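J.: Below is one structure. I have some questions about it.
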């Protein structure tokens, strides 16, 4: 049984993660907190096999707490999670010794598989699904969507700026992922930012 500690300050997400995980036969949530500062003590009390650690809980940096836990509890696996496509988080998580890193828009099956892989020692970090030298041909609106994500624009504002519906935005995002082979739009946004890719519209 994979015993899991969740560190997440959004109540709805925390409870959703608990429900998803506790629905599995090989894992369960043994503790949850909305404050990363409480995590080291919970590690001592509960001895989890894995921690799902949010990057930011309130004013606390979850990555720095993860580094502390890795030092004091080296057998505990840590998977860092975030909703923000901030490229520095990935390098910080690696330096802290976190085993995996994922974005909160991950699908349920992908999350469960990531947990199992992390426990088995196969850490997971964002990256291209196919080859490292990615050549991407996107429509003008798809390019704009990626640029808005780079800027950290909320989805509601994105809909206003693009003058499109939520359904159309989802269709465009799925199109981007299908073309690039990425599982998450945030992963792709971070990848393009890290590698300073110039995304151009297809020439006719």
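Values quoted throughout were computed directly from the atomic coordinates according to the rules given, and no laboratory measurement underlies them. Since this is a predicted model, take the numbers as computed values, not measurements. All Cβ positions, even for glycine, are placed from backbone atoms using ideal geometry, and neighbour counts span all protein chains on display.
J.: Would you look at the GNM of the chain, springs on alpha carbons closer than 10 Å, and say which of 119, 176, 164 moves the most?
T.: 164
J.: Report the FRET efficiency, 1/(1 + (r/R0)^6), for residue 3 and residue 109, where r is their Cβ-Cβ distance and R0 is 25 Å, rounded to 0.05.
T.: Efficiency computed from Cβ-Cβ geometry: 0.75.
J.: Looking at the chain only, what percent of DSSP beta bridges run antiparallel? Nearest 5 please.
T.: About 10 percent, rounded to the nearest 5.
J.: Could you tell me the distance between the Cα centroids of region 136-194 and region 60-78, to the nearest Å?
T.: If we compute the Cα centre of each part, the gap is 32 Å.
J.: Then there's this: Given the Cα-Cα distance of residue 175 and residue 91 and 0.36 nm per residue of separation, how much length would full extension add, in nm?
T.: Taking residue 175 through residue 91 to full extension adds about 27.4 nm, to one decimal.
J.: Given a 10 angstrom Cα cut-off, can you work out which residue in 159, 111, 148 is the most mobile in a GNM of the chain?
T.: In this elastic network of the chain, the residue with the biggest mean-square fluctuation among 159, 111, 148 is 159.
J.: From the Cα gyration tensor of region 33-162, with a ≥ b ≥ c the square roots of its eigenvalues, which class applies: rounded if a/c is under 1.5, or else prolate if a/b is larger than b/c, or else oblate?
T.: Prolate, because a/c is 1.5 or more and a/b exceeds b/c.
J.: Please work out, to two decimal places, the log10 of the ratio I(q)/I(0) at q = 0.20, 0.24 Å⁻¹ from a Debye calculation in which every Cα of region 1-97 carries one identical scatterer.
T.: Treating every Cα as an identical point scatterer, log10 I(q)/I(0) equals -0.95, -1.31.
J.: Going highest first, how would you order 94-100, 184-190, 149-155, 13-19 by mean Cβ packing within 10 Å?
T.: 184-190, 94-100, 13-19, 149-155
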